[in-house]
Every structure is written in C-alpha cells, then in structure tokens.
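Undergrad: Dropping a structure here in structure tokens format, bear with me for questions.
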Amino acid sequence: MNYQNQEIKSGITLHQIQTENYKTNLYAVFIATPLKRENVTLDALLTAVLRRGTKNLPSQEQISQKLEMMYGASFDCGVEKTGDNHIIKFYLEALSEEFLPKKEELIEECIKIILDLAFNPLTENNCFKPEYVEGEKKNLAQIIEGKIDNKSRYSYDRCTEEMFKDKPYGLYKFGYVEDLSKITPESLYEYYKKLIENCKIDIFCSGRIQNHNIKEIVQNNENIQKLQARKPEYIVNNETTEEENNNPTKVVNESMQVTQGKLVMGLNINETSENSRFIASVYNAILGGGANSKLFQNVREKQSLAYTANSGYVRAKNSIFIRCGIEIPNYQKAVDTIKQQLQDIQNGDFSQEDVQNSKELILASVEGITEEQDTEITYYYGQELADQFVSIEEYANKIKQVTKEQIMNLAKKVTINTIYFLKD
Amino acid sequence: MKIVESSKIQEKAYIEQLKNGLTIIIVPKKNTKKKYVIWGTHFGSIDNHFIMPKTKEEVYIPDGVAHFLEHKMFEQPDGTNSLDTLMSLGIDANAYTTNNHTAYLFECTNHFEEGLDELLNYVQHPYFTDENVEKEKGIIGQEINMYDDDPGWQLYINAMDCLYKENPIKIDIAGTVESISKITPDVLYKCYNTFYHPSNMTMVICGDFEPEEILEKVKSKLEPNENQGEIKRIYPEKEQTINKPFKSVKMEVSTPIFMIGFKDVQNDQEESVKKHIAIQILLEMIIGKSSKLYQECYKQGILLSQPDFDYEFSNQYAHILISGTSKDPQKVEKGILDTIKEMRENGIDQEHFERISRKVYGDFVIEYNNVGDIARMFLADTMKGVQTFDYIEQFETVTREYVQNILSSIFKEENKVTSIVEPN
C-alpha cells in the first residue's frame, strides 16, 4: 500500500501517501473536536483568523506573496462537519519539485508554512490581533447571512437542521450570528489554546515525497515540539451505535422568491448491524445514485417532474437525503412518486441487474479514490476517525457482497424523518 | 501521428486528422486508472444562422437548439437511453453545451471498451421523433427555470448583454421556454447533419493508452462518411463598441454580486495564447490575492474572497470578466480602474511581475493533475484554435514589456461594462 501512518505523539498522527499521479504535492492538517452549539461559531471564526497571519508571515499579503513565489502554491482552511465532529481543515497544495522550471526546495517549506498557519498564529499581548478578530467577525456574519444565496444548498442545510434538531449534526457549520457579538480577541485565543491542547491532530502529506524523511521534518518542527501528547477529545465514528428514529414524519414549508421549488427529504436508515452501511450505500445508489436510479427514472424521466432528482448517503450519520428541483404545483405529485419508489424497493421491485449496476457505480467511485489527491486524503481521514480501518480493497469487497435480499430488508427499516419544501 | 510535446511538464499529445476529417488527440498518462474520452462538435449556442454545405440552404434556428440536441442525443430507437446504459456499467457519462461547442464524454476505470462503443454509437445515430422532442421540452423548461433563479447566471447573461449588441453570445445557452417550443425533429436533424459531420468534430482521449492501438480502435468503429464542404456560419458583424455600460437587477441574494467586463475589440486571434497569459498575469497583479487592492478591500470588508477573473475568447467574441461578491461594488470597481490607471502611468513593477509570473506558471501546470481536466482543456482549446501546450512552452516569451502593452491596449474604460445583482 502507498499509505502509511505513524504516531508523532499521543493524539497527533502523521499520514503519508506516496503517489506519482499528480503534478502537485498536497499537505493537510485536520483538527477534530466534538460539534457543540457553544463552539461551532468559535471554530468557524478561528479558521478565518488563523488564515490572516502567523508569527513568521504576519499578514495575508505576506502569506500570499510567499505562496506566489513558490510557483502559485495555494492555501485554504475551513470547517466541515464529519459525523458529530467539527473538523478544522487546512490544505496547502504546491507543485512537485520535479516540475519546477529550476531546482528549488519546496517540501520542507510547505510543511513549515502549513504547521505555522495552524499552530503559530500571530498574537499581540497574549491574544489574537484585535483588528483581525473584529474584521473576521463581520465577514463571518456576512457568510452566515449569505446561506440563502444558494437555494439548493440552503434547502439541504435546512432539512438537516430540522432532522437533527437540538442534536450536534443539526448545527450549522459556520455557526450563528447571535453568538458572534460576545466573542473577543481574548476569549477566542483562550478557546484556541485549549482546543489545540486537547484536540485530535492529523497531518497528511501526499505526492512525490519518497526522497524526503517527512517524519523527521514533522517531528523536528518547532510547533510540533511545543504541542503536548494528549488523549484527544473527539467522537469516534462508531458504525454500529447510531440511534433509531421512528417519530412521525415532520413536514416543513418555507417561502422565498424562487421560480423552482426545492424539495429535500431526510431519511433514517434505522439499521445498525455489522456491514449495514455497505448495504445502505447500495440501497442509496438504487434509489437515487445515478441516471439508472428509481428517482431519476421516475421523477425526472417518466414524469418530467424535475430536472434534478437524486439522493445522497451520509455514512457517518446513517441518513439519506433526497433532493429534487421541481415546479411548485407538482409538490404533492413529486412526494407521492418518491414515496412509491421507497415502497417499491421494500417490495423487491428492482432487478438483480439494478443491484449490479448500482454496485458498479459505487465501485467506480471507490476505484477513483486514488486518482484525486484530496479524495484520497479524505478517505484515509475517514478511516482514522472510525473505530476500525477498512482498506480501499476491503471496502470494494464489502460492496460486492451485498445481496438483493439484504437491500429489501434494510428498505423495510427506512423511515422518512423530514420533508422540507422551499417554495414561492 | 503528429506528436507535440512539453518537456517541462513531461507530457505528450498525439494528434491525427482522419480521412473523414475527424481530429483525434491522444494524451497518454501512464499508471492512471481513470480513462477519459470527450467527443466535441464545433457547434454551440452562438451558431444560430448558417448555410448547409450540401443543400446550400440558409437556416435560422431558434435559441437553445445546440443544447436541446445535446439532451436528445442519448435517446435510442429501442427505447433505451445511452446515459443509462453507460451509468449501468459504472461509467460516469455526461454532456454539456457552451457558447461555441457541444461535448459528449465519459470517464471510467473499468468497462472502457463498452463505454467507447456506446459513445461512438450514440453520437453517430440520432433518433428524434415528435413525441420524444415534445417530452424533452418539459425537462429543459425546468432547467431554464433553474437558471432563472441562479443569480450568478443572470449576472453573466446581463454582462454579455452590456458587452454585445447583436452577438449571439448574449443568448441564454438553453434558450427560453418560448424559443424551445419551436424546436422540431426537422430542425434537430438539419443541425445534426450539418454540425455532427466528422470534419467539424474533435475527440480527445486521456488515460493509460498506447496511442496507435487506441487510434485504430476508434477508427474501426467510425461509420463511413462522405466529405462535406465547409459550413458557412453567419454571424453579425464584429462590434467595435459596447452595447451599454451598466445593468442591474434585483434578486434574492444577501449581498450584491458584480461582474465587470472589458471588451477586447481587437480580438484578431493573433498570439492569443501569449495574450491570454499576459491578461492572466495582469488580473493577478490588479486584484489577485496579494494585490494591494484586494488586501485593502478585504480590510474594509468590501471583499470577503478574491474575485474570479477570466479571459473568454473565440473568433466571435473576446472579453475579460472580473466577478465577485461585495456590499459596495462601486468602490471595488473604482479601485480596479484606479489600479489600472496607476499601473499604466507608472509602469509595471519588475519584482511584482516576476512573482506573479511564477504563480501563473504554476497554475497552468496544475491543470495537468487530472485526466478529465486535461481532456476538457485540449478540446476547449482546439475549438478556439489554440494549442494547449503553448501555455507552458510560450510562457517565457511573455515579458514585462509585452504585458505593459496589453494593459494599455485592452483594459480601456470606454470598453468597460458593469453588471450587478442587488438584494431585493
């Protein structure tokens, strides 16, 4: 395998992926912490403030100039929800040294910069620079208010919020405007110090790295040396303990100026036995995975009700989200058609060929993991957060073993948790 | 086969024009699992008036035909849909229509042969009936509604409306519900017979292939085709001035979005690669991440992220576009104009130029990370009459003096337009 991981200190892990598929090397640092209402806004603001400057490169201008000199290396950071964890992600991408017009050392420099950005922020009088914090509070408020701009994304986020009301996964990853005002440069810095003492830290290097001793570079980095070993606080992604939900379906309607209605349905799988996530994955592909799926064929092709009609499986929450863009008066017809598809799968109204096609679809994306640098990193990070490691080959094998009967049995346990509709 | 090479990035392209006129470009990528084939015709939304080569008939077609035709190509006489057939093999297939070309593509790790067969078969065998054309009008009508709700798309179309009086680039690619209502099988067949002739098409293949072998395979599957003469496309005369300087609409967005355009009235296709590189460098210098202007706007909270910018060109149009989100678009615009004036009067700073050149060079190399990106790039460049490797190979010829010239000849205030979408 081209992948290996090593513990640097307790709670801090280095992951290396050797690959020659790209012109670039990709570096990533992930910080995992449990999703909590009182922390989401702090986490989001933190990423914005950290990218403003480090002790060595104290302004965004200097960071950008430095990266431009490194042949357009690019840096970004942000927050993501993965299961019940909030992940602060830092990425740095730079050309592999062999594609530079003249010989230069870039690998050590990249590792130094990304670790600086995460762990060596610019401070003044033992807190973050007030100008940066105040500026970023305003920017973040605009980003949060901007969530209505993308109607499809907004509808999806709102359905998630309603489905996981008062639970960690229902939180909005960028946080809440009303929580911003009470954050000060001091309180944010206090939060940051505690966070990096207790969080789970994972460092990834991918690309043409075979001639470098990456472990040594990371171990000797002064930011890493300053960090203590820890027993990291995060939610292990345990595949067999997701709670069941059998409440009646919640229906939420919202109005906005739109010509096309956005319908999102959140489903609970309610099945947690071993390997059920692989069955759920095939179930989802049959339901709404591609052009052969029940949703695409029946909602879009046969009835012309929608331009988009698909479903996505959120593995870490064992949930499926169905998403359609429909003409507003067709709401009831679309909901009925979708319910019929769920019923049809329960009744076994799908062929062995459908099962095979759906597996092919999943297997193609599994095989494609090693062809996209960030996807490969995300896959291994997912394994790191889970309670057991599944290699890409094992993953493909488990998908191949799913049977029609298993899919029908799983379908019987699926319930509609929430129907969300955005209309005019 | 003709071989073109870029030794700097260790890539080669094999190019062959077949007897029937079809151009095939093969870009081998050792050790990648993904294979990508894209087959494009030089027929886009701007080609709405032409003379058919065989019958010499002059034809005007309704807006949206190229895109409509793309949708209909998948349908087969036996009731199957080629998109479904490909998907059922785990092959990711798609198609798209732009201003100047239409493309059919697929990407896979397995079942490549079957995929290639299907692609070659469906693109060579149209099947349009009154019934299947009518049905499609409902689906495309939904797609048009989706664009109507998309502030980003409205922003772009309004910018085109400002830049051009008559040029068909200002027409919505999908047409309108009204214009597509006029589409009939006869219109589709006329366009198919004219524009889907091999001499008007290019195929790009990227993946782990032996060029000779794959070339023979494709050749063996092509239908015989009589030569047809040149397609005479009729466009309105090139316009030397803009249509109007400003257009603003209100939609449901949280913060205004803006697009500033500069029309390149001297678009003569001479040195278009060099010019494109120079414009890219200039845009980075004016409003890129490290620019004074961007940093200033960021501090003031009037830009939250770096604006997008691009130079779009073909023989029929050429313009620079800068777009972003800002609560004060006028101020951003003034900043851009002031910066251009300052750079024009005081000359371009050498250190700044060299740093940005490194970045832009790196950006071009990164395009070669992925088989899909490579294939799409070669196809789009071929449609523009451009050789893709030239962006790497000609890079060094772009000097500060040349860039300074481009700055004074293209970024002119009289050729500038502004499109804005404001909140309700």
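Undergrad: What is the magnitude of the charge dipole of the stretch A:250-423 about its Cα centre, with +1 placed on the Cβ of each Lys and Arg, -1 on the Cβ of each Asp and Glu, and no other charges, expressed in debye to the nearest 20? Let's see the in-between values first.
TA: Details: 18 positive and 21 negative charges, 185 e Å.
Value, rounded to 20: 900 debye.
Undergrad: Placing +1 on the Cβ of each Lys and Arg and -1 on the Cβ of each Asp and Glu in chain A, which of A:183, A:268, A:238 has its Cα farthest towards the positive end of the resulting dipole?
TA: A:268
Undergrad: Averaged over B:84-94, how many beta carbons belonging to a partner chain fall within 10 Å of each residue's beta carbon? Each step should come with its number before you reach the end.
TA: Numbers: counts 8, 3, 3, 11, 10, 5, 13, 4, 6, 2, 1.
Mean shielding count: 6.
Undergrad: Additional query: Check each of the chymotrypsin sites (Phe, Trp or Tyr not before Pro) in the stretch B:79-157 and keep only those in coil by DSSP with at most 16 other C-beta atoms within 10 angstrom; list them in order. Intermediate results must be reported in sequence, preceding the final value.
TA: Working: sites: B:96, B:104, B:106, B:112, B:122, B:127, B:128, B:147, B:153, B:156; in loops: B:127, B:128.
Of the chymotrypsin sites (Phe, Trp or Tyr not before Pro), the ones in loops of the stretch B:79-157 whose Cβ has at most 16 other Cβ atoms within 10 Å are B:127.
Undergrad: Kindly identify the stretch B:98-155 as rounded, prolate or oblate by the Cα gyration tensor criterion: order the square roots of the eigenvalues as a ≥ b ≥ c, call it rounded if a/c is under 1.5, otherwise compare a/b with b/c, prolate if a/b is larger, else oblate. Numbers along the way, then the final one.
TA: Numbers: a/c = 2.60, a/b = 1.49, b/c = 1.74.
The shape class here is oblate.
Undergrad: Sticking with this one: When the Karplus curve 6.51 cos²θ - 1.76 cosθ + 1.60 is applied with θ = phi - 60°, which whole-Hz ³J(HN,Hα) does each residue of the stretch A:172-189 get, with x for Gly and Pro?
TA: These are the phi-based 3J(HN,Hα) values: 7, 5, 8, x, 9, 4, 5, 8, 6, 4, 7, 7, 10, x, 5, 5, 5, 5 Hz.
Undergrad: How far apart, in nm, are two points set 7 Å out from the Cα along the Cα-to-Cβ line at residue B:58 and at residue B:315?
TA: 1.9
Undergrad: Over the stretch A:250-423, what is the percentage of antiparallel beta bridges among all DSSP beta bridges, to the nearest 5?
TA: Working: 24 of 30 bridges.
Around 80 percent antiparallel, to the nearest 5.
Undergrad: Counting only residues 5 or more places away or on other chains, whose amide H sits under 5 Å from the amide H of residue A:418 once H atoms are built in the peptide plane?
TA: Answer set, sorted by chain and number: A:250, A:266.
Undergrad: Run the simple label-point estimate for residue A:176 and residue A:339 please: 7 Å along Cα→C-beta, distance reported in nm.
TA: Those two pseudo-labels are separated by 3.3 nm.
Undergrad: Find how many whole Å separate the alpha carbon centroid of the stretch B:104-137 from the alpha carbon centroid of the stretch B:151-182.
TA: After rounding, the separation between the Cα centres reads 27 Å.
Undergrad: A further question follows. Computed FRET efficiency, Cβ-Cβ of residue A:225 and residue A:131, R0 35 Å: what is it to the nearest 0.05? Numbers along the way, then the final one.
TA: Working: r = 30 Å, r/R0 = 0.85.
Approximately 0.75, to the nearest 0.05.
Undergrad: Right, here's the next one. Starting with the highest mean, order A:200-209, B:214-223 by the number of other Cβ atoms within 10 Å, averaged over the residues of each peptide.
TA: On the way: A:200-209: 23.3, B:214-223: 14.6.
Result, highest mean Cβ count within 10 Å first: A:200-209, B:214-223.
Undergrad: Right, another one. Listing B:67, B:352, B:125 from the residue with the fewest other Cβ atoms within 10 Å to the one with the most, what is the order?
TA: Ascending number of Cβ neighbours within 10 Å: B:125, B:352, B:67.
Undergrad: Counting every Cα pair in the stretch A:250-423, what percent are over 26 Å apart? Write out the running numbers ahead of the final one.
TA: Numbers: 4794 of 15051 pairs.
Roughly 32 percent, once rounded to a whole number.
Undergrad: Using alpha-carbon pairs under 8 Å, 6+ residues apart, how would you state the relative contact order of the stretch B:246-423 in percent? Before the final figure, lay out the partial values.
TA: On the way: 241 pairs, mean separation 79.5, N = 178.
Over the stretch B:246-423, the number comes to 45 percent.
Undergrad: Over all residues in B:364-374, what is the mean tally of Cβ atoms on other chains that come within 10 Å of each residue's Cβ?
TA: Numbers: counts 1, 9, 11, 1, 4, 9, 6, 2, 2, 0, 0.
The per-residue average across the peptide is 4.
Undergrad: Binned at 10 Å from 0, what are the whole-percent values of the Cα-Cα distance distribution for the stretch B:1-93, short to long?
TA: Result returned by the calculation: 11, 26, 33, 24, 6.
Undergrad: Within 10 Å, count the other beta carbons around each residue, average over each peptide in A:72-85, A:4-17, A:219-232, and list them highest first. Before the final figure, lay out the partial values.
TA: On the way: A:72-85: 19.6, A:4-17: 16.9, A:219-232: 13.9.
The most tightly packed comes first, giving A:72-85, A:4-17, A:219-232.
Undergrad: Right, next: Under the definition of Cα pairs under 8 Å and six or more residues apart, what whole-number percent is the relative contact order of chain A?
TA: Values: 733 pairs, mean separation 88.3, N = 424.
With pairs under 8 Å counted, the relative contact order is 21 percent.
Undergrad: Now a separate question. List the residues, sorted by chain then number, that are 5 or more residues from residue A:54 or on another chain and whose placed amide H is less than 5 Å from its amide H.
TA: A:59, A:122
Undergrad: To the nearest 0.05, what FRET efficiency results for residue B:221 and residue A:347 with a Förster distance of 25 Å applied to their C-beta separation?
TA: Details: r = 41 Å, r/R0 = 1.65.
Approximately 0.05, to the nearest 0.05.
Undergrad: A further question follows. For residue B:113 and residue B:189 in one chain, what is 0.36 nm times their gap in residues minus the Cα-Cα distance, to one decimal in nm?
TA: Values: separation 76, 0.36 × 76 = 27.36 nm, distance 2.83 nm.
Stretched out fully, the residue B:113 to residue B:189 stretch lengthens by 24.5 nm.
Undergrad: If each residue of separation counts as 0.36 nm, what is the full-extension length gain between residue B:134 and residue B:402 once their alpha-carbon separation is subtracted?
TA: Working: separation 268, 0.36 × 268 = 96.48 nm, distance 5.33 nm.
Stretched fully, the residue B:134-residue B:402 segment lengthens by 91.1 nm.
Undergrad: If you place +1 on the Cβ of every Lys and Arg, -1 on the Cβ of every Asp and Glu, and leave all else neutral, what size is the dipole of the stretch A:3-226 about its Cα centre, to the nearest 20 Debye? Could you put the intermediate results ahead of the total?
TA: Working: 30 positive and 35 negative charges, 69 e Å.
Roughly 320 debye for the stretch A:3-226.
Undergrad: Something else about it: Among the lysines, which have Cα under 20 Å from the Cα of residue B:416 when same-chain residues fewer than 8 positions away are ignored?
TA: Within the straight-line cut-off, residue B:416 pairs with B:165, B:170, B:238, B:244, B:247, B:263, B:275, B:331, B:334, B:341.
Undergrad: Could you calculate the contour length gain from residue B:165 to residue B:2, that is, 0.36 nm times the residue separation minus the distance between their Cα atoms, to one decimal place in nm?
TA: Numbers: separation 163, 0.36 × 163 = 58.68 nm, distance 4.13 nm.
That works out to 54.6 nm of additional length.
Undergrad: Can you tell me the dipole magnitude for the protein assembly as shown around its Cα centre, using point charges on the Cβ only (Lys, Arg +1; Asp, Glu -1), in Debye to the nearest 20? Working shown, then result.
TA: Details: 96 positive and 131 negative charges, 278 e Å.
So the dipole magnitude of the protein assembly as shown works out to roughly 1340 debye.
Undergrad: Quick one, what does Rg over Rh come out to for the stretch B:123-198 if you take C-alpha atoms and the Kirkwood Rh?
TA: Working: Rg = 14.8 Å, Rh = 14.3 Å.
Ratio value, two decimals: 1.03.
Undergrad: Next up: State the Kirkwood hydrodynamic radius of chain A in Å, one decimal place, computed from all pairs of distinct Cα atoms. Please report the intermediate quantities before stating the final value.
TA: Numbers: mean 1/r = 0.0428 Å⁻¹.
With all distinct Cα pairs of chain A included, I get 23.3 Å.
Undergrad: Sticking with this one: Need one word for the protein assembly as shown: rounded, prolate or oblate. Basis is the Cα gyration tensor (sqrt eigenvalues a ≥ b ≥ c); a/c below 1.5 gives rounded, then a/b vs b/c decides.
TA: On the way: a/c = 1.39, a/b = 1.10, b/c = 1.27.
Taking the square roots of the gyration eigenvalues as a ≥ b ≥ c, the protein assembly as shown is rounded.
Undergrad: Let me ask another. How far apart, in nm, are two points set 7 Å out from the Cα along the Cα-to-Cβ line at residue B:351 and at residue A:405?
TA: Rounded to a tenth, the inter-label distance reads 7.5 nm.
Undergrad: Shifting gears a bit: How crowded by other chains is A:20-31, given as the mean number of beta carbons from other chains within 10 Å of each beta carbon?
TA: Numbers: counts 3, 9, 5, 10, 5, 0, 1, 0, 0, 0, 0, 0.
The per-residue average across the peptide is 3.
Undergrad: If you restrict to DSSP beta bridges whose two residues both lie in the protein assembly as shown, what percentage is antiparallel, to the nearest 5?
TA: Numbers: 113 of 139 bridges.
Close to 80 percent.
Undergrad: How much of the DSSP bridge set in chain B is antiparallel, in percent, rounded to the nearest 5?
TA: On the way: 53 of 65 bridges.
If I count the DSSP bridges inside chain B, around 80 percent turn out antiparallel.
Undergrad: Would you please put A:22-28, A:97-103 in order of how densely packed they are, using the mean number of other Cβ atoms within 10 angstrom per residue and starting with the highest?
TA: A:22-28, A:97-103
All of the numbers you see were taken from the coordinates with simple rules; none came from a lab. What you see is a predicted model, and the numbers here were worked out from it, not measured in a lab. Neighbour counts run over all protein chains shown; Cβ positions are idealised from the backbone, glycine included.
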